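Each remark here refers to the structure printed beneath this line.
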Amino acid sequence: MPKAISIIDDDPGVLDSLAILFASKGYEVARHSSARSFLDADYVSGCVISDVRMPEMTGLDLLRELKSHMDPRPIVILTGHGDIEMAVQAVRLGAFEFFEKPFKHDKLLETVERAEKELDELSELRERFESLTQRQKETLRHLIDGLATKDIALKLGLSPRTVEIHRAFVMSKMSAKSVADLLRVCLRLGWK
């Protein structure tokens, strides 16, 4: 399956340049001249590259919108008028990376490849999580809340031995060596 990317910029020259760059690297490119156009279009998996300053909806507003809907796609923000405050705000909102124009194309390509790799890893984590039974998910929740086996058994109305079995399945399916590993996985999945 070809890699996909969405590019959003109201400057036709930048849009064309980036589309050609990524198409030459084998990406299927979805081009949008506005954030609204992107939101109204069919979903395209893969990284999103967005300019900041656009009419109607800025790149930061788009970032807020996507993150509020738990959109897993990594978002790279571009701007021709950036400052440190804007970069910090973008990262706090969940941007994968922030580039000030002009930028080196090879650095942008490397960043998108890194973002795609992380997206693939996150997708694999989600699949592993979805392979858990409901009881295993409950056990996982209590484990990362710091409860001991006997306390989990009391909460779930199970024997401690049964909780140990569920715990072993959770650790195995999630490829975790410790509860700390489980916590890191759950944080990557967006658990709070």
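The values are calculated or read from the model by the stated rules, or taken from the named source; none is laboratory data. The structure presented is a predicted model; accordingly, all values stated were derived computationally and were not measured. When we count neighbours, we look across all protein chains shown, and the Cβ atoms used for this are built from the backbone with ideal geometry, even at glycine.
Inspect all residues belonging to the range 140-159 and state whether any of them is in the same structural domain as residue 62 (by TED's automatic domain parsing), of a type outside the set (Asp, Glu) and on the phi > 0 side of the Ramachandran plot.
No, that holds for no residue.
Mind checking whether some residue in the range 5-25 is modelled with pLDDT under 90 and either within 13 Å of residue 98 (Cα to Cα) or in contact with a strand residue (DSSP E or B) (Cβ under 9 Å, 6 or more places away or on another chain) (or both)? Explain how you work it out, then say what you get.
Keep residues of the range 5-25 that are modelled with pLDDT under 90, which gives none.
Checking the range 5-25: not a single residue is modelled with pLDDT under 90 and either within 13 Å of residue 98 (Cα to Cα) or in contact with a strand residue (DSSP E or B) (Cβ under 9 Å, 6 or more places away or on another chain) (or both).
Surrounded by fewer than 18 Cβ atoms within 10 Å (Cβ to Cβ) and either in a strand (DSSP E or B) or touching a residue at least 60 places away in the same chain (Cβ under 8 Å) (or both): does that describe residue 109?
Values: surrounded by fewer than 18 Cβ atoms within 10 Å (Cβ to Cβ): yes; either in a strand (DSSP E or B) or touching a residue at least 60 places away in the same chain (Cβ under 8 Å) (or both): yes.
Criteria met by residue 109.
Restricting to the range 1-11, what's the tally of residues that are surrounded by fewer than 19 Cβ atoms within 10 Å (Cβ to Cβ) and within 23 Å of residue 90 (Cα to Cα)? Quick ask: steps written out before the conclusion?
As a first pass, look at the range 1-11 and keep what is surrounded by fewer than 19 Cβ atoms within 10 Å (Cβ to Cβ): 1-4, 10-11.
Filter again for within 23 Å of residue 90 (Cα to Cα), leaving 4, 10-11.
Matching residues across the range 1-11 total 3.
Just to be sure before I move on: is residue 111 farther than 30 Å from residue 53 by Cα and of a type in the set (Val, Ile, Thr) in the structure I sent? Spell out the reasoning first.
Values: farther than 30 Å from residue 53 by Cα: no; of a type in the set (Val, Ile, Thr): yes.
Considered against the rule, which asks whether it is farther than 30 Å from residue 53 by Cα and of a type in the set (Val, Ile, Thr), residue 111 comes out as no.
Could you check, for the range 165-184, whether at least one of its residues is among the basic types (Lys, Arg), farther than 30 Å from residue 67 by Cα and in contact with a Pro (Cβ under 6 Å, 6 or more places away or on another chain)?
No, that holds for no residue.
Mind listing whichever residues of the range 152-192 are charged (D, E, K, R) and in contact (Cβ under 8 Å) with a residue 60 or more places away in the chain? Please lay out each step first, then the result.
Here is the first cut: in the range 152-192, the residues charged (D, E, K, R) are 155, 161, 164, 167, 173, 177, 181, 184, 188, 192.
Within the range 152-192, just 188 meets the criteria.
Say we look at the range 36-87 and pick out the residues that are among the acidic types (Asp, Glu) and without any contact (Cβ under 8 Å) to a residue 12 or more places away in the chain; which of these is surrounded by the most Cβ atoms within 10 Å (Cβ to Cβ)? Even if it seems obvious, please write down each step before you answer.
Going residue by residue through the range 36-87, those that are among the acidic types (Asp, Glu) are 40, 42, 51, 56, 61, 65, 71, 83, 85.
When the remaining residues are screened for being without any contact (Cβ under 8 Å) to a residue 12 or more places away in the chain, the result is 40, 42, 71, 83, 85.
Working: 40: 9, 42: 5, 71: 14, 83: 10, 85: 8.
My answer is 71.
Being under 24 Å from the mean Cα position of the chain (by Cα), of a type in the set (D, E, K, R) and surrounded by 15 or more Cβ atoms within 10 Å (Cβ to Cβ) is the requirement here; does residue 137 meet it? Can you show your working first?
Details: under 24 Å from the mean Cα position of the chain (by Cα): yes; of a type in the set (D, E, K, R): yes; surrounded by 15 or more Cβ atoms within 10 Å (Cβ to Cβ): no.
No.
Output the qualifying pairs, or none if there are none: Cβ atoms under 9 angstrom, residues six or more apart or on different chains, first residue in the range 128-140 and more than 20 Å from residue 158 (Cβ to Cβ), second residue among the β-branched types (Val, Ile, Thr) and buried (at least 17 other Cβ atoms within 10 Å of the Cβ).
128/185; 129/185
Across the range 85-106, what is the total count of residues that are of a type in the set (A, V, I, L, M, F, W, C) and part of a helix (DSSP H, G or I)?
Keep residues of the range 85-106 that are of a type in the set (A, V, I, L, M, F, W, C), which gives 86-88, 90-91, 93, 95-96, 98-99, 103.
Restricting the remaining residues to those that are part of a helix (DSSP H, G or I) gives 86-88, 90-91, 93.
Selection size over the range 85-106: 6.
Pick out, from the range 1-57, the strands (runs of 3 or more DSSP E) lying fully within it that include 3 or more residues that are within 19 Å of the chain's Cα centre (by Cα) and under 15 Å from residue 115 (Cβ atoms). Lay out the reasoning, then the answer.
Working: elements: 3-8, 27-32, 47-51.
Once the strands (runs of 3 or more DSSP E) in the range 1-57 are filtered for at least 3 residues that are within 19 Å of the chain's Cα centre (by Cα) and under 15 Å from residue 115 (Cβ atoms), what remains is 3-8, 47-51.
Quick check on the range 138-192: of everything there that is in a loop (DSSP other than H, G, I, E, B) and small (Gly, Ala, Ser), which residue is nearest to residue 74 (Cα to Cα)?
190
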